[in-house]
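Asks: I have a structure here, written as structure tokens, and I will follow up with some questions on it.
The values are calculated or read from the model by the stated rules, or taken from the named source; none is laboratory data. Since the structure is predicted, the reported quantities are computational estimates derived from the model, not experimental observations. Methodologically, a virtual Cβ is constructed for each residue, glycine included, from the backbone with ideal geometry; neighbour enumeration extends over all protein chains shown. These area figures cover heavy atoms from the full protein model, side chains too; ligands, DNA and RNA do not enter into them. Shrake-Rupley method; radii C 1.70, N 1.55, O 1.52, S 1.80 Å.
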Amino acid sequence: MAGVPDLIKQLGEWLSDPIVSRALNALFILILLLVISRILRSVVVRRIPDPVSRYRVRKLVVFVVFAVGLITLVAVFSERLRGFTVAIGVTGAGVAFALQEVIISLAGWLAITFGRYYKAGDRINLGGVVGDVIDIGMLRTTLMECGEWVQADLFNGRIVRVSNSFVFKQPVFNYSGDFAFLWDEISLPVKYGSDYHLAKRIIEQVGQDLVGPYSDRYEEAWTKISRKFLVETQSLDPVVTISANDQWIEFTLRYIVEYRNRRVTKDRIFWRILEEIDATNGAVGIAAATLNIEKLVVSDIPPVNIHLKPGPKSG
């Protein structure tokens, strides 16, 4: 038992060391911050009904805890770090070279956060991956992927994490940022000999009926983007153009649509156009690829000589 007082004395001397006491204080503060963060996320954040607001508040809590923890560590050990300035500089240069991809990803996160490249909920093309942003971390952006083996703009179920460094390496396509609408086209082949004027009226009317009612929303969004960027005035009404080739007359309907409704809108337009064309009783017909074979003259076919060699006789 004689060793117990000595052990207590050594423990007291160890705890009285300034470095140890500062480390314990920093550890206590970090644990307290983690507990507060967990309480806020479990009690407060879960009670927010709107998913977008809930996501933003949760990310804000994590960011604030991280920032306060970093400031705490710097403040606690700032005096001890002054004597190691040169060593820290040399070590930092080596670490920066080894972790350059991580540093670029952190810089990309800052650019995304403050440069408004995109936000959670936007549909983007980042690093060659198309999908909806479901989370923006300090190193990676998480996407719910669209396309690949699934046609058009539907989710395929894969969750993809793309490095934030791609915002500096490749173009970032945002389908829903400042202007959440896209121009789309539908091409329809019409037989030669059809009533072309009737066909054009049908396609124009279908476009006006199904897309035209949303023109006010399109114009409002275009007005906002024209105030922010140098863009030319564009017609937002459905437009039908015509072209011809050796097989059919091609009518093209160009219209504007909200980016999430592109597939659904195209489906509705096609169904309506087909129904209207069927109601014309043959005045307008859908064309199909055909092959015209000219009349052949037998005398023009060159003669073909066939020479057969007798095979070996069987025994």
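Asks: Taking only region 128-144 into account, find how many residues are within 28 Å of ALA67 (Cβ to Cβ) and assigned to a loop (DSSP other than H, G, I, E, B).
Replies: Count: 3.
Asks: Quick one: which residue in THR241, THR252, THR290, THR265 is at pLDDT below 85, hydroxyl-bearing (Ser, Thr, Tyr) and closer than 25 Å to GLU185 by Cβ?
Replies: On inspection, the qualifying residue turns out to be THR290.
Asks: Hey, another quick one. What number of residues within region 221-260 are assigned to a helix (DSSP H, G or I) and open to solvent by 70 Å² or more (accessible area, probe 1.4 Å)?
Replies: The number of residues fulfilling the criteria is 4.
Asks: Name the single residue, out of those in region 139-168 being aliphatic (A, V, I, L, M) and open to solvent by 60 Å² or more (accessible area, probe 1.4 Å), that is nearest to ARG260 (Cα to Cα).
Replies: The selected residue is LEU154.
Asks: When region 251-283 is examined, which residues are found to be in contact with a Gly (Cβ under 6 Å, 6 or more places away or on another chain) and hydroxyl-bearing (Ser, Thr, Tyr)?
Replies: TYR255, the sole residue that qualifies.
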